[in-house]
Amino acid sequence: MAEIATKLPIKSEKSTAPAPAGNWTAPFESLRREVDRLFDDFHPFDFRLPSARSIFGRELPTLRNAGWPVAPAMDLVEKGKEYEITAELPGIDEKNVEIKLANRTLTIKGEKTEEKEEKDKDYYLSERRYGSFQRSFQLPEGVDADKIDASFAKGVLTVKLPKTAEAQKAEKKITVKAA
């Protein structure tokens, strides 16, 4: 059965607050990875008990393998007449994706929730996971903000940022010469 791409609205905000500089979560994520690496490399003693690794023969979820990254990877590609941002957002519904444009900054937000319950005569397992992300991109000069288009199909978000006519004309191809 063919799945049709869903168009997502892009909200424009008229505010004058400057966009946040940089990714403020990067230092914390780097620190967490370094601490995890230090504990993983410490082999003389294993403080974990074998029985603590699983309950009822099932592996316990760990932060590293939980599959809830801080933000999904996004690709930004410049094409002839537009820029294109793509992001794989598995398990996220298009109604949980929001795109805003303010002060030449495009912000993509998303949220994912998952609940799981297992009942057996010997045990009851209930898990809930929640996660959200936000990525912001400073738009380059020459993007026609009124014509930005976003679609979502099969777990992939595609945002097209068309260039203005002036920006398309301003491009110049430079030939590389052999020395």
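Does ALA87 fit the bill of being among the aliphatic types (A, V, I, L, M) and touching a residue at least 24 places away in the same chain (Cβ under 8 Å)? If you could, list the steps in order and put the result at the bottom.
On the way: among the aliphatic types (A, V, I, L, M): yes; touching a residue at least 24 places away in the same chain (Cβ under 8 Å): yes.
Against the criterion (among the aliphatic types (A, V, I, L, M) and touching a residue at least 24 places away in the same chain (Cβ under 8 Å)), ALA87 qualifies.
Among residues of the range 131-149 that are closer than 15 Å to PRO162 by Cα, those with a beta-carbon under 6 Å from a residue that is of a type in the set (Val, Ile, Thr) at least six positions away or on a different chain give the pairs GLN138/THR105; GLY142/THR164; ASP144/THR164; ILE148/ILE10. Residues that are within 19 Å of ILE10 (Cβ to Cβ), surrounded by 12 or more Cβ atoms within 10 Å (Cβ to Cβ) and at pLDDT 85 or above are absent from the range 112-131. For LYS95, the conditions (1) open to solvent by 70 Å² or more (accessible area, probe 1.4 Å); (2) within 13 Å of VAL159 (Cβ to Cβ) are fulfilled apart from (2).
Residues are listed down the side, and each one gets a yes or a no for (1) in contact with a Pro (Cβ under 8 Å, 6 or more places away or on another chain); (2) more than 30 Å from VAL35 (Cβ to Cβ):
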residue	(1), (2)
ALA87	yes, no
GLY91	no, no
LEU101	no, yes
GLU111	no, no
LYS121	no, yes
ASP144	yes, yes
LYS163	no, yes
GLN168	no, yes
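Among the residues of the range 134-146, none qualifies, meaning not one is of a type in the set (Phe, Trp, Tyr), under 15 Å from the mean Cα position of the chain (by Cα), at pLDDT below 90 and loosely packed, with under 15 Cβ neighbours inside 10 Å.
The values are calculated or read from the model by the stated rules, or taken from the named source; none is laboratory data. Only a predicted model underlies this, so the values are computations on that prediction, with no experimental measurement involved. Neighbour counts are summed over all protein chains in view; Cβ atoms, including those assigned to glycine, are modelled from backbone coordinates with ideal geometry. For accessibility, only protein heavy atoms count, side chains too; no ligands or nucleic acids. Shrake-Rupley method; radii C 1.70, N 1.55, O 1.52, S 1.80 Å.
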